[in-house]
Amino acid sequence: MHICSVPRLVVAAPHGRSGKTTVTIGLLSALKAAGYCVQPYKKGPDFIDPSWMTRITGRPCRNLDSYLMDRDAIRASFARGALDAGMAVVEGAMGLYDGVDLEGSGSTAEIAKAIGAPVMLVVDTTRMTRSVAAMVSGYMHFDPEIKIAGVILNKVARPRHEQMLRAAIERYCGIPVLGVIPKGKQFSIPDRHLGLIPAAESDELATAVEAAGEDAGKYLDLQSIIEIARQAKPFEVSQPRLNTPVLSGKGLAALKPEQPIARVAVFLDRAFTFYYPENLEALAAAGAELVPVNAIQDECMPEVDAAYIGGGFPEMFASDLAANSGLKKSLQEMVENGLPVYAECGGLMYLGRKLKWHGQEHEMTGILPFDVSVTDKPQGHGYISLAVENSNPYFNKGEHIQGHEFHHSKVENLDRDKVQFAFKVTRGFGLDGKHDGLIYKNVLACYTHLHSVATPGWAEKLVAAGAERSPGRV
């Protein structure tokens, strides 16, 4: 049994686009500048906001998802990530109480309750004065298990506006204003079809965001926020997996097991950035030595026993990926010789024949018999549930899996005679609204993103498949 007592809080809002990211990055910047070792978290399935939170803190941001994980799993994942941290900050998603049903399942509020964290509510005060108190009061009393400990006023127009807002909250709500961000001081990370641009793609943008985060931190009452975070009560964790490797700022090198049984390639570059830290940790815990591969620069595959190709934006770097014929040929040859490969979304796109976007076609690896077109509208977006309909190296027939999908691309010209579908879709879209996952030799490629906490076992099977293929290599 482990007791988690790290100071913590949740940054939430009445609705999306209230300024949670501005406040969170500002708070993380301020805490780091004050000398805190701060662990960031993001509510729900997301890779992009976490990339910026990782960049700011130097610690891998972790996701907490009350739809994919039960309360014990959320607590264990939180505690494990915060083992050596002095403070933990969770950025919520959408509105505080928004979930997948009327009970609020999967909401930010459910995360706050699971980890016993006070909530800091970020309110967009555009064209609002006294009404702010009615809004905040409603959120304070909607769920008695939620403690809204303070408010951040965002987009405040002028000093008189601030005075009226503060007075209304003080009189009617009785909680402190923990920060005031003037109108025009918000920063915005440029949007793309799946949301914001990942931190790894642009050094220039990253520098601008870091500067903006430092600026936003100046408008927060940091000491009061710290005191509120310290009021969070300790909770017990039964299985925090304390003795397994933990990803840190040192990258994959921090995960090397003492006695690796297989070498697993992980595609890590500007095109492939979508990886949950827990997935990489699960591979290492299963005995994998993780070997980074840059699909843009590396001329050939390293000597490995398996490969993991995550998601990202391969369309943004399609010409670079297409030009690297050496790596594509090397990977193709290894697959034909039985290399176990697990690929998600962007990885699936890379394994196809062609990637089509904005009227241009780019040759990908050609390992799988289909083309991919990137569209203006989302093809699959949200949680997905799958039933395994054909056995494969990583899942047994009859298993049920939950994950999520975010893709603006679709598979075209699929040669059904050369592949099998791995999954039947029971919620979501996947490849065609009915199926997801393509099996070819020892390759499984799907649009679904899996989280090892929600779907334990796949990492162990990938490593075992690699170890079986090349016994004694490591």
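In which sequence would Thr426, Thr24 go, from the one with the fewest C-beta neighbours within 10 Å to the one with the most? Intermediate values should be presented prior to the final figure.
Details: Thr426 14, Thr24 27.
Ascending Cβ contact count within 10 Å gives the list Thr426, Thr24.
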For the pairs Lys20/Lys42; Lys354/Lys424; Lys32/Lys113; Lys328/Lys354; Lys356/Lys441; Lys113/Lys233, flag any whose C-alpha to C-alpha distance is greater than 18 Å.
Lys354/Lys424; Lys32/Lys113; Lys356/Lys441
Percent of beta bridges antiparallel (DSSP, the chain, rounded to nearest 5):
45
For the range 366-423, which trypsin sites (Lys or Arg not before Pro) are both in a DSSP coil and crowded by at most 11 other Cβ atoms within 10 Å?
Lys397
Assertion target for Ile261, Ile181, ordered by fewest C-beta neighbours within 10 angstrom first, is Ile261, Ile181
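When N is the residue count of the range 252-469, what does its C-alpha Rg come to as a fraction of 2.2 N^0.38 Å? Could the numbers behind the result be given before it?
Values: Rg = 15.8 Å, N = 218, 2.2 N^0.38 = 17.0 Å.
Normalised Rg, Cα atoms only: 0.93.
Which whole number in µm²/s is D for the range 248-312 by Stokes-Einstein, with the Kirkwood Rh taken over Cα pairs at 37 °C and 0.692 mPa s?
Using the Kirkwood radius from Cα pairs, D works out to 274 µm²/s.
How do His2, His404, His15 rank when sorted from fewest to most other Cβ atoms within 10 Å of their own Cβ? Before the final figure, lay out the partial values.
Values: His2 16, His404 23, His15 11.
Fewest to most other Cβ atoms nearby, the residues stand as His15, His2, His404.
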Net charge near Gly433: determine it from the other residues with C-beta under 12 Å of the C-beta of Gly433, scoring Lys and Arg +1 and Asp and Glu -1.
+1
Part-to-part distance (alpha-carbon centres) for the range 91-127 and the range 296-335, which is given in Å
39
Can you list residues whose amide H is under 5 Å from Ala265's amide H, if they're 5+ apart or on another chain and H is modeled 1.01 Å from N?
Val291, Asp305, Ala306, Ala307, Tyr308
At a Cα cut-off below 20 Å, give the aspartates and glutamates reachable from Lys418, other chains included and same-chain residues fewer than 8 away excluded.
Glu333, Glu336, Glu344, Glu363, Asp371, Glu389, Asp432, Asp436
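Compute the normalised compactness of the range 294-356: alpha-carbon radius of gyration over 2.2 N^0.38 Å, N being the residue count. Intermediate results must be reported in sequence, preceding the final value.
Details: Rg = 11.0 Å, N = 63, 2.2 N^0.38 = 10.6 Å.
Dividing the Cα Rg of the range 294-356 by 2.2 N^0.38 Å gives 1.04.
Taking square-rooted eigenvalues a ≥ b ≥ c of the alpha carbon gyration tensor, is the range 2-237 rounded, prolate or oblate, where a/c under 1.5 means rounded and, failing that, a/b exceeding b/c means prolate? Each step should come with its number before you reach the end.
On the way: a/c = 1.43, a/b = 1.11, b/c = 1.29.
Cα axes put the range 2-237 in the rounded bin.
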For the chain, what is the calculated [θ] at 222 nm in deg cm²/dmol (nearest 500), taking -39500 (n - 2.57) for each run of four or more DSSP H residues and dividing by its residue count?
-8500 deg cm²/dmol
Contour minus end-to-end for Thr375 and Ser325, with contour as 0.36 nm per residue of separation and end-to-end as the Cα-Cα distance?
15.4 nm
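Each reported figure results from applying straightforward, stated rules to the coordinates on display, with no laboratory input. Because the structure is predicted, anything quoted here is derived from the model rather than measured. Positions of Cβ are generated from backbone atoms using ideal geometry, with glycine treated the same way; all protein chains shown enter the neighbour counts.
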